[in-house]
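Encoded as structure tokens, the structure appears first; notes follow it.
The values are calculated or read from the model by the stated rules, or taken from the named source; none is laboratory data. Note that the structure is a prediction, hence the values are computed from the model and not measured. Cβ coordinates were reconstructed from backbone atoms using ideal geometry, including for glycine residues, and neighbour counts include every protein chain displayed.
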Amino acid sequence: TVAAFDSFRFVIKGSLAGTAVYVAYDQGLLGSGTQGAEALKKAQAALPPAIQEWTSYIGWELLPTPKFDFSPSESWNKGVQTVMSALSVAPTRACEYTVEGWRYVKDLVK
């Protein structure tokens, strides 16, 4: 009976995970950055009314949801630009630090 219960739990968890992956794929979250940004905009537009309807049905009152102006594709691009900028100046910085290190060692030896 314990093995049957464990296998039942495994099937339930597997089906939930599979459903989550399917929904993410169906909504475009696993596509390109622009598809993901569009899916996020759709979710931001649809989620607050759905939550409001659900809370009014239950009888709860929630504070208004804050508005976020966040673009995943712009954040990703900024991160990539920052990393590439750091990598492009890395050889120059390494040479500068090496020269400074040798100067420091020479000053210590004197």
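Laid out as a table, the results:
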{"quantity": "Filter result for Trp102 (on the phi < 0 side of the Ramachandran plot, assigned to a helix (DSSP H, G or I), surrounded by 10 or more Cβ atoms within 10 Å (Cβ to Cβ) and at pLDDT below 75)", "calculated": "no"}
{"quantity": "Residue match in segment 34-46 (condition: exposed (fewer than 10 other Cβ atoms within 10 Å of the Cβ) and at pLDDT 75 or above)", "calculated": "yes"}
{"quantity": "Pairs where the first residue, in segment 33-49, is over 25 Å from Val80 (Cβ atoms) and the second is hydroxyl-bearing (Ser, Thr, Tyr), C-beta under 9 Å, 6+ apart", "calculated": "Leu47/Thr65; Pro48/Thr65"}
{"quantity": "Of residues in segment 1-54 being outside any helix (DSSP H, G or I) and among the hydroxyl-bearing types (Ser, Thr, Tyr), the one nearest to Asn77 (Cα to Cα)", "calculated": "Ser32"}
